[in-house]
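Novice: Following this message is one structure expressed as structure tokens.
Every number in this text was worked out from the coordinates using simple rules, so none of it is lab data. Note that this is a predicted model, so its numbers are computed, not measured. As a convention, Cβ positions derive from the backbone with ideal geometry for all residues, glycine included, and neighbour counts pool all protein chains shown.
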Amino acid sequence: MFALVTKAIISVKQSMIYDLVNYVLVPETALRLVMEDRMCSAIEALDIMKNSRSFGTSMFPAAPARIDEKIQNYVKKIVTMQTKN
């Protein structure tokens, strides 16, 4: 019983970390890089990002699934190390 609960907790932690990285840290980092590079406000940086989205998606198509898999495996290792401590 406890093994199933532990696996469920680890699975939730992994998805939470993965979501945090993809939906919070990556966009925030991109925004900050645009702000620094263009020396502009956050609102201006968002406009720049929105206006360049079509160029970015045509020049750099979505990452292959294997990259997402590598990220998930890395997150899994981190969570496993944390649960051992």
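Novice: For the pair Glu36/Asn51, report the inter-label distance in nm, with labels modelled 7 Å from Cα in the Cβ direction.
Specialist: Going from the Glu36 label point to the Asn51 one covers 2.2 nm.
Novice: A further question follows. Go through the range 36-44 residue by residue and turn each phi into a ³J(HN,Hα) via Karplus (6.51, -1.76, 1.60, θ = phi - 60°); whole Hz please, and just put x for glycine and proline.
Specialist: Using θ = phi - 60°, the values come out as 5, 5, 9, 6, 9, 7, 5, 5, 5 Hz.
Novice: Right, next: I'd like the Karplus ³J(HN,Hα) series for the range 56-62: coefficients 6.51, -1.76, 1.60, θ = phi - 60°, whole numbers in Hz, and an x wherever there's a Gly or Pro.
Specialist: The phi angles translate into x, 6, 7, 7, 10, x, 3 Hz.
Novice: Calculate, in nm to one decimal, what Glu28 and Lys77 gain on full extension: separation in residues at 0.36 nm each, minus their alpha carbon distance.
Specialist: 15.2 nm
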